[in-house]
Number of protein chains: 2
Amino acid sequence: MKATILTIGNEILKGRTVNTNFSHIGHVLTFSGYEVYRGLVVRDDPSEIAWGITQAVAFSDLVVSSGGLGPTFDDMSVKAIADALGIPLETNADALRMIRNKYSAQNLELTPERMKMAMLPRNAEALANPVGTAPGVFFNYRGVNILILPGVPSEMKAILETMIPRIRNPSVHYYEESIILKGIMESTFAPVVADEMKKAGGNVYIKSHPSSAELANPVLEIEVSGTARDEASAINLVRSTLESIKKRYEKMLE
Amino acid sequence: MKATILTIGNEILKGRTVNTNFSHIGHVLTFSGYEVYRGLVVRDDPSEIAWGITQAVAFSDLVVSSGGLGPTFDDMSVKAIADALGIPLETNADALRMIRNKYSAQNLELTPERMKMAMLPRNAEALANPVGTAPGVFFNYRGVNILILPGVPSEMKAILETMIPRIRNPSVHYYEESIILKGIMESTFAPVVADEMKKAGGNVYIKSHPSSAELANPVLEIEVSGTARDEASAINLVRSTLESIKKRYEKMLE
């Protein structure tokens with residue numbers, strides 16, 4: 001199953017904020033049995049958000065967005081996504097209750113800016129935000145699950161956590177493990193990586209990450225990942241490839 | 001002028017690696033007078049890289065990619081980008097010299113994996129990599145500048161640094177500055193932000209970043225950014241808006 005991560009926010013594009021939401025979501029989805037296929041980062045602009053969601057739904061089973069859920073003028077993700085998909089917005093009773101409870105606990109009124117956070121696509125589900133105020137949003141569009149999360153990392157993580165059991169792909173288990181090889185250059189080890197990939201017949205993926213300069217004192221991290229129908233098989237697959245790589249590395253150093 | 005950042009690498013999509021290259025490139029391009037318009041993250045797969053570069057050249061003045069420049073089988077960025085744009089690959093004499101010098105200094109042969117790094121699009125320029133071995137690549141495709149950088153951050157930064165004077169947009173100067181407002185909620189301050197944006201008539205952009213929970217003890221960062229034809233005007237524009245925001249905040253607390 002394919003997933004796309006859609007990040008909404010000028011601050012990411014300008015490099016003001018490092019997109020740690022992206023890596024967190026990517027990690028969670030990978031370990032939930034998804035192939036994270038593409039990532040799209042778009043501006044706080046309805047037509048750009050429309051471009052992103054339209055691209056994403058075209059080839060994904062799941063789209064997870066983050067950013068643009070708050071009360072300010074540039075928090076426009078929910079409306080822009082709904083408009084792009086042709087779904088009308090309505091006041092969502094659950095969302096309104098969640099938001100009202102948050103503000104009334106502080107004796108605060110529901111201003112138009114705050115009410116905006118309760119306008120969700122028709123038939124969408126409001127997801128409780130245990131950390132902040134804007135509820136997450138979940139709905140299905142023509143077979144694609146769409147999960148809209150806030151940009152504040154603690155809020156995004158808290159809502160995503162609650163959704164893992166519901167989005168998990170039960171038929172795919174992912175496992176990865178790495179080893180560090182010292183004193184060997186990526187270019188020297190490249191044929192071994194290619195050969196081990198071929199041997200495993202497409203079931204494992206091997207990637208080498210040079211963590212220092214290729215030339216003097218090379219340090220190479222070899223990451224092996226694989227998927228299988230159950231966890232034990234995935235672990236077994238990855239570890240047997242790692243064993244083989246280790247032996248070939250030791251032989252090369254002799 | 002519009003720029004797109006294209007990130008190539010499964011490790012980013014899987015969330016194994018945080019995309020700090022993206023934020024570095026975004027920051028450099030913003031302060032070089034570009035509007036960083038979109039970010040695309042794609043897998044180590046020729047057809048995905050082709051999708052990314054095709055999307056990017058369609059609306060950008062500059063495309064900067066990172067990742068996939070090394071000697072391993074999954075380092076396929078240069079060939080995939082060239083193929084997608086219909087440009088033949090050729091052995092680049094400068095690139096070959098750079099690579100040969102690096103390896104011969106260590107008494108190492110030019111294996112096919114190492115030679116691959118010298119195959120560049122016809123008429124492209126090889127950019128010296130002062131940190132690693134794979135040269136960067138720079139060329140113009142139908143009016144779009146394309147800069148292909150390695151994924152190892154130190155190598156990417158070193159090559160990008162040398163290119164700043166050549167890609168700089170001289171007619172746009174960007175400036176940004178932030179203030180921290182304590183004890184005010186994002187939703188309470190939202191109308192002020194909207195009004196100040198309107199007052200500045202599209203010349204400044206104001207974004208509020210709630211750095212703690214919206215409700216109890218709110219801390220709000222207000223970021224004001226603007227562009228102008230020269231640096232002094234950009235600074236002036238941003239600072240006068242910040243002054244006005246500060247006054248309104250102080251009034252609200254009275």
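The values are calculated or read from the model by the stated rules, or taken from the named source; none is laboratory data. All values reported here derive from a predicted model rather than from experimental measurement. FYI the Cβ positions are ideal-geometry reconstructions off the backbone, even for glycines, and counts take in every protein chain you see.
Side notes on the structure shown:
- Residue satisfying condition, being at pLDDT 95 or above and over 29 Å from B:Ile12 (Cα atoms), within set B:Thr162, B:Thr91: B:Thr91
- Residue match in the stretch A:2-9 (condition: without any contact (Cβ under 8 Å) to a residue 60 or more places away in the chain and surrounded by fewer than 22 Cβ atoms within 10 Å (Cβ to Cβ)): no
- In the stretch A:54-71, the residue that is surrounded by the fewest Cβ atoms within 10 Å (Cβ to Cβ) out of those that are modelled with pLDDT of 90 or more and assigned to a loop (DSSP other than H, G, I, E, B) is A:Ala58.
- Residue within the stretch B:1-14 that is among the β-branched types (Val, Ile, Thr), over 15 Å from B:Gly151 (Cα atoms) and not in a helix (DSSP H, G or I) present: yes
- Near pairs, Cβ below 6 angstrom, 6+ apart or cross-chain, from the stretch A:182-198 (facing chain B (nearest Cβ under 8 Å) and in a helix (DSSP H, G or I)) to any residue that is small (Gly, Ala, Ser) and crowded, with 17+ Cβ neighbours inside 10 Å: A:Glu186/A:Ser208; A:Glu186/B:Gly70; A:Val193/A:Ser208
- Residue within the stretch B:42-53 that is farther than 18 Å from A:Val36 by Cα, assigned to a helix (DSSP H, G or I) and in contact (Cβ under 8 Å) with a residue 60 or more places away in the chain present: yes
- For the stretch A:67-124, a tally of residues being within 26 Å of the chain's Cα centre (by Cα), at positive phi and within 12 Å of chain B (Cβ to nearest Cβ) returns 2.
- In the stretch A:15-28, residue farthest from A:Ile148 (Cα to Cα) [restricted to those that are within 8 Å of chain B (Cβ to nearest Cβ) and crowded, with 24+ Cβ neighbours inside 10 Å]: A:Asn19
- Hits in the stretch A:29-49 (condition: within 23 Å of A:Ser77 (Cα to Cα) and more than 10 Å from every other protein chain (Cβ to nearest Cβ)): A:Pro46, A:Ser47, A:Ile49
- Of the listed requirements (1) on the phi < 0 side of the Ramachandran plot; (2) touching a residue at least 60 places away in the same chain (Cβ under 8 Å); (3) part of a loop (DSSP other than H, G, I, E, B), A:Asn21 misses just one: (3).
- If you check A:Asn203, A:Asn140 for being surrounded by fewer than 16 Cβ atoms within 10 Å (Cβ to Cβ) and touching a Gly at 6+ places or on another chain (Cβ under 8 Å), only one passes: A:Asn203.
- Residue in the stretch A:226-233 that is over 21 Å from the mean Cα position of the chain (by Cα), more than 23 Å from B:Met156 (Cα to Cα), surrounded by 15 or more Cβ atoms within 10 Å (Cβ to Cβ) and not assigned by TED's automatic domain parsing to the domain that holds A:Tyr34 present: yes
- Flag if B:Ala80 is at pLDDT 95 or above and crowded, with 21+ Cβ neighbours inside 10 Å: yes
- Given (1) surrounded by fewer than 17 Cβ atoms within 10 Å (Cβ to Cβ); (2) within 14 Å of chain B (Cβ to nearest Cβ); (3) part of a strand (DSSP E or B); (4) not basic (Lys, Arg), number of the condition A:Ile179 does not satisfy: (2)
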